[in-house]
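The values are calculated or read from the model by the stated rules, or taken from the named source; none is laboratory data. Everything numeric here is computed off the predicted structure, so don't read it as measured data. All Cβ positions, even for glycine, are placed from backbone atoms using ideal geometry, and neighbour counts span all protein chains on display. All accessible areas refer to the heavy atoms of the entire protein, side chains included, with ligands and DNA or RNA removed. Shrake-Rupley method; radii C 1.70, N 1.55, O 1.52, S 1.80 Å.
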Amino acid sequence: MDGVIVMGEINPSLYPEIQEFGSLSSAVAYEANSRGLDLGRICSQAEAGAGLIYTAQMESSRGKIQVWLAESDRAFFVGIQEGRFVWAEGATSDLATLVAASAAWRDGMPVVEFAENFSFMALTRLAAAREAGDPIPTQWDWLLNSDIFEEERPLVAAVHADGRFRRLFPNLSHGVLRLSVNLGMQGSREIHIIPLGGGLYRVEDTALPGSQATVGGLNEAVEAAGELLDRGQGFEG
């Protein structure tokens, strides 16, 4: 959310609710109470400083609803995030709309219906697939077909063609193919295939210390990754 928060530089005249109630979290709580909506515990995202006044956060069964303020224009920026997974992001100038959207999300409104009812919120690419229970095929399809991964496509295609990896969640970062056993959640086991240039690859398993190996050739890298996957059975955290 570019340009959202530089604490201490918020124009308070844009937010009379915060001037009246003392903080964004208090203003959100008042708006929710006045409309009979349950947002649970509403708190600031910060423990000290300007963040105490200019941020708010609510919990839901599908992650945290976090709110920030724009600086020079009136806007409430919203992000809904569960661990490292972002469900949706958006911005609105209307506090009542923000509160209604937060209540609907907490009440479990399906993601597509949520985006239709609150058009200021944009779902992330995997939100609907995650709700359906299996974002992995959608992620593989994106990596295999999106033009932005054309350079890495031979690596992704070779790994996907080996059926052992299709149950893992794939991601590309700086040319490195990361295969996660737990949807890319922080700290989960991952197998990495790292192109080194000159036809060389480094393969490693984050659950197996000392597992790094350098091999020559794409097929050899896929096979080495498969061996690590088999060796690491039982380290599925």
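Filtering the range 128-153 to residues that are over 21 Å from residue 115 (Cα atoms) and polar (S, T, N, Q) leaves 145, 146. Name the residues in the range 31-48 that are among the polar types (S, T, N, Q) and either part of a loop (DSSP other than H, G, I, E, B) or crowded, with 16+ Cβ neighbours inside 10 Å (or both), would you? Of everything in the range 31-48, those that are among the polar types (S, T, N, Q) and either part of a loop (DSSP other than H, G, I, E, B) or crowded, with 16+ Cβ neighbours inside 10 Å (or both) turn out to be 44, 45. It is to be established whether one or more residues within the range 193-209 are in contact (Cβ under 8 Å) with a residue 40 or more places away in the chain and within 26 Å of the chain's Cα centre (by Cα). Yes: one or more hits. May I ask you to list the residues in the range 179-206 that are among the small types (Gly, Ala, Ser) and touching a helix residue (DSSP H, G or I) at 6+ places or on another chain (Cβ under 9 Å)? Once the filter is applied, which keeps residues that are among the small types (Gly, Ala, Ser) and touching a helix residue (DSSP H, G or I) at 6+ places or on another chain (Cβ under 9 Å), the range 179-206 yields 184, 199.
Considered as a group, the residues in the range 1-30 that are open to solvent by 60 Å² or more (accessible area, probe 1.4 Å) and of a type in the set (Asp, Glu) include one that is modelled with the lowest pLDDT, and that residue is 2.
What number of residues in the range 65-81 are over 15 Å from residue 16 (Cα atoms) and either acidic (Asp, Glu) or open to solvent by less than 30 Å² (accessible area, probe 1.4 Å) (or both)?
The number of residues fulfilling the criteria is 5.
Look at the range 20-43: where a residue is under 17 Å from residue 60 (Cα atoms) and a partner is among the hydroxyl-bearing types (Ser, Thr, Tyr) and modelled with pLDDT under 95, sitting 6+ places away or on another chain with Cβ atoms under 6 Å, you get 25/44. Scanning the range 49-81 for residues being in a strand (DSSP E or B) and of a type outside the set (A, V, I, L, M, F, W, C) gives a total of 8.
Of the set (1) in contact with a Lys or Arg (Cβ under 6 Å, 6 or more places away or on another chain); (2) open to solvent by 80 Å² or more (accessible area, probe 1.4 Å); (3) in contact (Cβ under 8 Å) with a residue 60 or more places away in the chain, all apply to residue 219 but (1). Please go through the range 222-237 and pick out each residue that is acidic (Asp, Glu) and either modelled with pLDDT of 90 or more or surrounded by 13 or more Cβ atoms within 10 Å (Cβ to Cβ) (or both). Selection gives 223, 227.
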